[in-house]
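The values are calculated or read from the model by the stated rules, or taken from the named source; none is laboratory data. The structure presented is a predicted model; accordingly, all values stated were derived computationally and were not measured. Glycine also receives a Cβ, built like all others from the backbone with ideal geometry; neighbour counts cover every protein chain displayed. Side chains are part of the model used for accessible areas, which takes the heavy atoms of the whole protein and leaves out ligands, DNA and RNA. Shrake-Rupley method; radii C 1.70, N 1.55, O 1.52, S 1.80 Å.
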Amino acid sequence: MEKNVRIISALRKMHDNPVCELNYSSPFELLVAVILSAQCTDKRVNLITPALFEAFSCAKDIANLNADELIPYIKSCGFYNNKAKSIISASKALVERFNGKVPATIEELTTLDGVGRKTANVIYSVAFGGNAIAVDTHVFRVSRRIGIAKTNTADSVERELQQFFPEAVWSEAHHLLIHHGRYICMARKPVCSECLLNKECEYYSRKENE
Ligand code: SF4
């Protein structure tokens, strides 16, 4: 069995059908939730978005707000000044350039304020079913620990993972690696004894030989 197949199979055994943990009911809500999730947990974002989306559910609702009108809804998720600016500015761009709709390509998504490559990949894959590997902190850490990525930036790790996994499983691999980073291969204390990847993992092998 090829290494990429062994790794994806082991991840599947450990994480049953992982999906995006942010709550949303439209591409626009997902876009806002992903912007809010920077440096914040999905759990916290899910606590504040029901009231936010009840008040403002589309780009038009937000495009003409002042930051002061939005901040009370998002304050508890940190970096709220920048996040409010990004959400308002992205909403304006959606209204002005995309007829109020979230565009479905990575190239167009990355033209929006507050939407970098990682966020664009998440929206493209989760909202539109595209094949993409968004590299967040978990994907970055886990793939470098295992040894399937060796480089030092999110963009280059994304390219390495795209080469390692077949395109058909990019989005699944993204979710599996995130879940693995959240629940088994945590930043401070990975639970290597329970990890089915420990025979493949360069970090584990280094630790064993220390
Ligand atoms: S063996 Fe340990 S370090 Fe390697 S992927 Fe599993 S949990 Fe992470």
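Within region 25-36, identify whether any single residue is in contact with a Lys or Arg (Cβ under 7 Å, 6 or more places away or on another chain), open to solvent by less than 80 Å² (accessible area, probe 1.4 Å), part of a helix (DSSP H, G or I) and within 30 Å of Ile148 (Cα to Cα), and answer yes or no.
yes
So, in region 142-185, how many residues would count as being open to solvent by 30 Å² or more (accessible area, probe 1.4 Å), without any contact (Cβ under 8 Å) to a residue 60 or more places away in the chain and closer than 14 Å to His15 by Cβ?
1
Among the residues in region 128-135, are any surrounded by fewer than 15 Cβ atoms within 10 Å (Cβ to Cβ) and in a helix (DSSP H, G or I)?
Within region 128-135, the subset surrounded by fewer than 15 Cβ atoms within 10 Å (Cβ to Cβ) is 129.
Remaining after also requiring in a helix (DSSP H, G or I): none.
No, the conditions are met nowhere in region 128-135.
Would you pick out the residues in region 170-210 that are within 9 Å of the ligand (Cβ to nearest atom) and in a helix (DSSP H, G or I)?
Selection gives His180, Gly181, Cys192, Ser193, Glu194, Glu202, Tyr203, Tyr204, Ser205, Lys207.
Mind listing just one residue for me: the one in region 40-89 that is hydroxyl-bearing (Ser, Thr, Tyr) and surrounded by 15 or more Cβ atoms within 10 Å (Cβ to Cβ) and, of those, farthest from Thr119 (Cα to Cα)?
Result: Tyr73.
Please go through region 102-122 and pick out each residue that is open to solvent by less than 10 Å² (accessible area, probe 1.4 Å), in a helix (DSSP H, G or I) and over 23 Å from Phe164 (Cβ atoms).
Leu109
Scan region 1-50 for residues that are under 17 Å from His175 (Cα atoms) and of a type in the set (Asp, Glu) and jot them down.
Selection gives Asp16, Glu21, Asp42.
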